[in-house]
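Novice: I am attaching a structure below and will ask some questions about it afterwards.
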Amino acid sequence: MEAKALIPEDDLCCSVCCDIFKEPVVLKCSHSFCRVCLQQCWQEKGSRECPICRRKVSVDDPPLNLALKNIVESYLKQKTERETTDKTEARCSLHGEKVVLFCEHDKEPLCFICQTSRKHRNHPVCPVEEAALELKEELKPALNLVKEKLKKFTEVEQGCKKTAEHIRSQAQHTERQIKAEFEKLHQFLREEEEARLAELKEEEEQKSWIMEEKLEHISGDISTLTDKITALETAMETEDTSILKCTLQDPELLSGALIDVAKHLGNLTFRVWAKMLGMVQYTPVTMDPNTARADLSLSDDLTTVRDTDTAQNCPDNPERFMPCVSVLGSEGFTSGKHSWEVKVGNKPKWTIGVAKESINRKGNEPVSPEDGYWLIMLRNGDEYRAAGVTDLTLERKPQSIRVQLDYDGGEVSFFNSSDMSLIYTFKHTFTERVFPLFSPCVRDDGRNDEPLTICPVKVSVTVTSSQ
C-alpha cells in the first residue's frame, strides 16, 4: 500500500482514511501522512522511509501534526454541515436552486428562476417561511382531528387488549364450570351404577342361597331314596311288602329362581335419565353476562343477578349496559308465546320486563314503551309503576312475578305468581327481536343487595305408547 501525503489543498488524503482515523503525523523531512497509512506502507516495504523523498526515518511512532490535525477536523466539520444543509434545504426540481418563495395562486414552492417564468410571472408570491407558517396554522385543525383519531384508535386498541384478556378469563371460568357440572353428572352416574350393581349382587346372593338350600334338601331326599332302593331290593328276596310305601314328594324346580334380568336392564338408560331429573333444573330463560353492567354479579348458572357495588374488570363492549344497572336474557324472541318467573323477594327496588334489541345501552334514556321498554318496577319498597305509563296499586306485595310475552299477539303481561292475579298488561305491535330484562337496581345503603332470581320450572316425563 502506498501512503499518501496529507495536503489540505488536495483534499488532504483519501477521504475514507481521513474520515476514519483523523491522525496526521509529520516526519523530520516535513512530509505529513495518515498514521495508519504510513504504518501499513512501512510493513509492506519492510523499511522505514518517507514515501515521498525516501529519507530514512529513525522513529517507529512519528509525532502528531497538530496543525494539520486541526485543519482535518475543521474540514470534516464543514463537510458534515454542508451535507446536513444539502439534505434539509429544498431544491427546485427544474432548476436545482434553493426554494425560497411560495406562489399563493398556484400553491407551489418556487425558486427565483421559477418566479420569473411565464407560469408564475404575475402571481402573488411570499417567502416560503411565511407560507409555511400560514400552512401550519391551516393544518392545526386537521392535525388536532388526526390526534383525536389517534386517541380513539389507542383507546380502542386498549379496549381490544382488555377484551382479549377477558375472553381468556371467560373461557377459563366457563371451562371450570362445564367440568364441575359434568363432574356432578359423572358422580350421579357412578353412584347410580354402584347402587344398581349392589342390587344385582344382593339378588344374586339371595337366590344363590335359596338354590343351595334346595340342593341340600334334594341331596337328603336322594340319600333317603337310595336307602329305600337298597331295602326294596332286599325285601324282594324275602317277599316283605311293608316297605313299598314311599312318602316323599316328587322334586320340582323353583319358580323365580333365575336373576330378574329384565328388572335390571329393561329401559335402564331411560330409568336413570328419569331419576336424573330430580337433580337438574330448567329455567325458561337465562341471563347474558356480556350485557351486564360491570358491578353486577351473575351466578354460575346465569339465573341470579345482584348488585355488588364494585365494578368488575370487564370490557365495555357494545352489548353491555352502562350506566344503566341492567342485564338482558341470553336469548331473544321474534315470535310465539313465552313466560318466565322472577323471584323478587323483599327487595325495595327492582325492575323487570322486556326490551327491544336496538335500545341504547350506553345512556340513561327514558324507559317507556315508545323507547322500546315494557317494564314494571318497584321503588322505595311500596311504589309500583308500569314504566313510562302509570302508577300501580297492588293488593299484596308479590314475592315473585310471572312475565308472559305473546309476541304475535302483541302483549307483555305481569302476574303475581302466588295467585296469578294480573298486575299489568302492555299492548304493542312488535317489529324486532325482544329480550327479557332484569335490573336489581343500585344498592341503597346496603338494603338492596338481595338478588333477582329466575325461578326453575318443574320438569316431568310423559310416556305415550304408539298405537
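The values are calculated or read from the model by the stated rules, or taken from the named source; none is laboratory data. A quick note: this is a predicted structure, and the numbers were derived from the prediction, not measured. Please note: Cβ atoms are built from the backbone with ideal geometry, for glycine as well, and neighbour counts cover all protein chains shown. These area figures cover heavy atoms from the full protein model, side chains too; ligands, DNA and RNA do not enter into them. Shrake-Rupley method; radii C 1.70, N 1.55, O 1.52, S 1.80 Å.
Novice: Quick check on this structure: which one of E365, E395 is acidic (D, E), open to solvent by 20 Å² or more (accessible area, probe 1.4 Å) and under 18 Å from H428 (Cβ atoms)?
Specialist: So the residue among E365, E395 that is acidic (D, E), open to solvent by 20 Å² or more (accessible area, probe 1.4 Å) and under 18 Å from H428 (Cβ atoms) is E365.
Novice: In the range 42-75, which residues are among the polar types (S, T, N, Q) and open to solvent by less than 90 Å² (accessible area, probe 1.4 Å)?
Specialist: The answer is S47, S58, N65, S74.
Novice: Considering only the range 14-43, state which residues are modelled with pLDDT of 80 or more and either in contact with a His (Cβ under 6 Å, 6 or more places away or on another chain) or polar (S, T, N, Q) (or both).
Specialist: S30, S32, Q39, Q40, Q43, listed by residue number.
Novice: Let me ask something else. Can you go through I222, I167 and tell me which one is open to solvent by 90 Å² or more (accessible area, probe 1.4 Å), among the aliphatic types (A, V, I, L, M) and either within 30 Å of S299 (Cα to Cα) or not in a helix (DSSP H, G or I) (or both)? Break it down into steps so the answer makes sense when it comes.
Specialist: Numbers: I222 fails: either within 30 Å of S299 (Cα to Cα) or not in a helix (DSSP H, G or I) (or both).
It is I167.
Novice: Let me ask something else. Given the conditions (1) over 26 Å from K179 (Cα atoms); (2) open to solvent by 70 Å² or more (accessible area, probe 1.4 Å); (3) among the β-branched types (V, I, T), report the number of the one that V342 does not fulfil.
Specialist: All conditions pass for V342, except number (2).
Novice: Next up: Being in a strand (DSSP E or B) and at positive phi, is that true of even one residue in the range 351-361? If you could, list the steps in order and put the result at the bottom.
Specialist: Taking the range 351-361 as the starting set, the residues that turn out to be in a strand (DSSP E or B) are 351-356.
Those left that are additionally at positive phi: 353.
Among the residues of the range 351-361, at least one is in a strand (DSSP E or B) and at positive phi, which makes the answer yes.
Novice: While we're here: Among the listed residues L422, L405, L375, which satisfies the condition of being in contact (Cβ under 8 Å) with a residue 24 or more places away in the chain, out of contact with any helix residue (DSSP H, G or I) (no Cβ under 8 Å at 6 or more places or on another chain), of a type in the set (A, V, I, L, M) and farther than 23 Å from Q281 by Cα?
Specialist: L375
Novice: State all residues of the range 246-291 that are part of a helix (DSSP H, G or I) and either under 30 Å from E357 (Cβ atoms) or of a type in the set (A, V, I, L, M) (or both); if no residue qualifies, say none.
Specialist: Answer for the range 246-291, where residues must be part of a helix (DSSP H, G or I) and either under 30 Å from E357 (Cβ atoms) or of a type in the set (A, V, I, L, M) (or both): V261, A262, L265, L268, V272, A274, M276, P289, N290, T291.
Novice: Same structure, new question: Just one of K179, K162 is open to solvent by 90 Å² or more (accessible area, probe 1.4 Å) and assigned to a helix (DSSP H, G or I); which is it?
Specialist: Checking each option against the conditions leaves just K179.
Novice: Given the structure, is L197 more than 30 Å from V100 (Cβ to Cβ) and not aromatic (F, W, Y)? I'd like the intermediate steps shown before the answer.
Specialist: Values: more than 30 Å from V100 (Cβ to Cβ): yes; not aromatic (F, W, Y): yes.
So L197 fits the description; yes.
Conditions (1) surrounded by 14 or more Cβ atoms within 10 Å (Cβ to Cβ); (2) among the hydroxyl-bearing types (S, T, Y); (3) modelled with pLDDT of 95 or more; (4) within 37 Å of the chain's Cα centre (by Cα), marked per residue:
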| position | (1), (2), (3), (4) |
| --- | --- |
| A387 | yes, no, no, yes |
| I401 | yes, no, yes, yes |
| P436 | yes, no, yes, yes |
| P451 | yes, no, no, yes |
| K458 | no, no, no, yes |
| V463 | no, no, no, no |
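Novice: Starting from the range 292-321, keep only residues that are closer than 16 Å to K162 by Cβ and of a type in the set (A, V, I, L, M), then list their pairs with residues that are open to solvent by 40 Å² or more (accessible area, probe 1.4 Å) and at pLDDT below 90 whose Cβ atoms are within a distance under 7 Å, requiring at least 6 positions of separation or different chains.
Specialist: So the pair list comes out as A294/A311; A294/Q312.
Novice: Considering only residues that are open to solvent by 30 Å² or more (accessible area, probe 1.4 Å) and under 13 Å from K397 (Cβ atoms), which ones fall in the range 370-385?
Specialist: N380, D382, E383, listed by residue number.
Novice: Count, please, the residues in the range 118-131 that happen to be exposed (fewer than 12 other Cβ atoms within 10 Å of the Cβ) and either of a type in the set (G, A, S) or more than 13 Å from F102 (Cβ to Cβ) (or both).
Specialist: Of the residues in that region, 3 qualify.
Novice: Do we find that E331 is outside any loop (DSSP other than H, G, I, E, B) and within 22 Å of F414 (Cβ to Cβ) in this structure?
Specialist: It is false that E331 is outside any loop (DSSP other than H, G, I, E, B) and within 22 Å of F414 (Cβ to Cβ).
Novice: Please find, within the range 265-286, the residue that is farthest from F188 (Cα to Cα) out of those that are open to solvent by 50 Å² or more (accessible area, probe 1.4 Å) and among the aliphatic types (A, V, I, L, M).
Specialist: Among those residues, the one meeting the criterion is L265.
This table checks each residue for (1) in contact with a Pro (Cβ under 9 Å, 6 or more places away or on another chain); (2) of a type outside the set (F, W, Y); (3) farther than 25 Å from G372 by Cα; (4) modelled with pLDDT under 95.
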{"position": "D300", "(1), (2), (3), (4)": "no, yes, yes, yes"}
{"position": "T303", "(1), (2), (3), (4)": "yes, yes, no, no"}
{"position": "D307", "(1), (2), (3), (4)": "yes, yes, no, yes"}
{"position": "N313", "(1), (2), (3), (4)": "no, yes, yes, yes"}
{"position": "C324", "(1), (2), (3), (4)": "no, yes, no, yes"}
{"position": "L328", "(1), (2), (3), (4)": "yes, yes, no, no"}
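Novice: Follow-up question, since we're still on this one. Select from the range 292-324 the residues that are part of a loop (DSSP other than H, G, I, E, B), under 21 Å from D449 (Cβ atoms) and open to solvent by 60 Å² or more (accessible area, probe 1.4 Å) and list them in ascending order.
Specialist: Within the range 292-324, D300, D301, D309, T310, A311, Q312, N313, M322 qualify.
Novice: Only one of (1) surrounded by 12 or more Cβ atoms within 10 Å (Cβ to Cβ); (2) more than 30 Å from S299 (Cα to Cα); (3) of a type in the set (D, E) is not met by E192, so which one is it?
Specialist: For E192, the exception is condition (2).
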